[in-house]
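Report on the structure given below.
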Amino acid sequence: MRAVASGERGGEDEIVSRLRAAGCVFAEDEAALLIEQFADGADRDAAVARRVAGEPLEQILGWAEFAGLRVRVLPGVFVPRLRTAAILTAVDDLRERGELDLPAGALVVDLCCGTGALGVALRSRLPDAMIVAADVDPVAVRCARTNLPDVSVFQGDLFDALLPGFRREVALVVVNAPYVPTGEIARMPPEARDHEHHVALDGGADGLTLHRRIAREGAGWVRPGGVLLLETSRAQAEATQSFFTTTEWTTSLVLDEDVDGTVLVARRATRRAS
Ligand SMILES: C[S@@+](CC[C@H](N)C(=O)[O-])C[C@H]1O[C@@H](n2cnc3c(N)ncnc32)[C@H](O)[C@@H]1O
């Protein structure tokens, strides 16, 4: 078999040029990944064509890197974003300060799990916890089950997906629910707009429909003293926080400059106000 010279069709230079012309900012890195993954010329050409047409690299490769781990990504499923690692840093910081009590068997929920990336990353951090995951999208559930083969991944609407016995028993919820206002989806990059299921993006008219519901409904599932970590955006952070400022929760906001992530930390009141 003759090696493909880098300037020839299917060679590295040619792929970089095609990717660059299509607007891929990290054309060299992407070309290297596509070449490594697709050894066969026809497969490689098809993969490059998909990328040039705007499909997310991770959906073409079938995997994404998240927090140093490789996570399987099925077509249509939300590609884990770097900023979501801010939730993991928040978990680490809370534990370091002794503010997150997770005894062996503590129930941890990756809600709106998508690929299950957060659950995968938490498994190595919290090997003694009982981690479960849930999502409303059946393709996301299928994807998360491949990434978390030994974890229960439930399908359903927010907390309703969980077992009734989990009520007021959950020690930690990590959740990156959709928060893009419906009207802004059309202005998102085509990678998201055309290739991620809209249920993974659409946060309702003001983007905050799910955040309101999580604040209201989460109080019935998180145990007293338990913690809920919710990704939001800088612009929406105060509004997100306002939904939790009731007698049920105490809250703070974490801005993680390293990954440009914003996380609401909500702790469930230990006692109901009378
Ligand atoms: C922004 S994605 C985040 C996925 C994953 N947690 C991550 O960070 O990569 C939001 C996820 O929430 C799910 N979702 C949307 N509405 C939901 C609902 N009502 N109940 C459960 N999951 C929902 C979507 O299917 C999608 O997988």
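Would you give the gap between the C-alpha center of the range 33-101 and the C-alpha center of the range 195-262, rounded to a whole Å? So the two Cα centres are separated by 23 Å.
Convex hull volume of the C-alpha atoms in the range 12-53, normalised per residue: 51 Å³.
Sparsely packed loop sites in the range 207-274 (the GluC sites (Glu not before Pro) outside DSSP H, G, I, E and B with at most 10 other Cβ atoms within 10 Å) comprise E257.
Over the chain, DSSP H runs of length four or greater, each weighted -39,500 (n - 2.57), average out per residue to a 222 nm ellipticity of -9500 deg cm²/dmol. Restricting attention to the chain, close to 45% of DSSP beta bridges with both partner residues there are antiparallel. Size descriptors for the chain: radius of gyration and Dmax over Cα atoms are 20.3, 78 Å. With each label modelled as a point 7 angstrom along the Cα→C-beta vector, the D40-R142 pair spans 2.1 nm.
Please find, in a Gaussian network model of the chain (springs between Cα atoms separated by less than 10 Å), the residue of P138, P178, P127 whose mean-square fluctuation is greatest. Looking only at P138, P178, P127, the biggest GNM fluctuation is shown by P127.
Laboratory data are not the source of any read-out in this text; all were calculated from the coordinates shown. Values in this document were obtained by computation on a predicted structure and should not be read as measured data. Here Cβ is always computed from backbone atoms with ideal geometry, including for glycine, and neighbour counts include all displayed protein chains.
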